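Notes follow once the structure below has been shown.
Read the figures in this text as sums done on the coordinates, not as results from a lab. Not measured: the values here are computed from a predicted model. Cβ sites come from the backbone with ideal geometry, for glycine too, and all protein chains shown count toward neighbours.
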Amino acid sequence: MKLMHEDAARGDELGGDAPVDGDVAVAHAQPTSRRRWTTPLLVAAAVVGLATAAVFGTLYLSSEPSTDEIGSFLSAEKPEIEERARRVGDLLVNYDSTTLDDVSQEMLDIATGNFREQYEEALSSGPGLSAALEEAAASSRGEILEGPDVSFRSPSEAIAIMSVKQTAQSNSNPGGQTIDYVLKITLIDTVDGGWKADRVEVISTQNV
């Protein structure tokens, strides 16, 4: 009991709430305890942060296709692109009044974008292209001489270069006129409809 009164008196002398010696020891012990817990928590947070960064880094790297994977994908697409480009070239140089409707429909099926619009305009440019061909006894026969040589601008866009020969005949020119063309065909992967011709350009011509 005497110790309790002495402690209270000392407390009053120091200002009521001022700590006594025993309280000072406890007050100094609190920051030490806080640091004891804070340091492991900081270390744990750093470890978790590093682990998270490593996981996201792995996911990022695994989501990026490698050069070999891109090459394999493009190699797998190339045969379809070559076949489609050959078909476009063949339809462009082989037609007459009896086959024009079928040729036109097939061409529209494998065309898209700019080329499809231009082809439709050519078909509707006169009162009847098929009738005009029949009246003029006009026909076109041709073949692919070289190609197509296919290159890629992107995984969904390819360029095909080919050489074709066309011989056009009519009543006014029964012997026909033969011309060699170098064609540049841009093809787009339309996904649902596969690869289609988006643009056809004549790079050069030569009379034979």
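Summarising the overall dimensions of segment 78-207 from its C-alpha atoms, the Rg and Dmax are 15.0, 47 angstrom. Remark on segment 120-193: Rg and Dmax equal 16.6, 47 Å (Cα only). Remark: the N173-E135 segment gains 12.3 nm on full extension, using 0.36 nm per residue and subtracting the alpha carbon distance. Here the spin labels are modelled as points 7 Å beyond Cα on the Cα-Cβ line, and at L108 and E201 they lie 2.7 nm apart. Along segment 154-160 the Karplus relation, 6.51 cos²θ - 1.76 cosθ + 1.60 evaluated at θ = phi - 60°, assigns HN-Hα couplings of 7, x, 10, 9, 10, 10, 10 Hz to successive residues, with x for each Gly and Pro.
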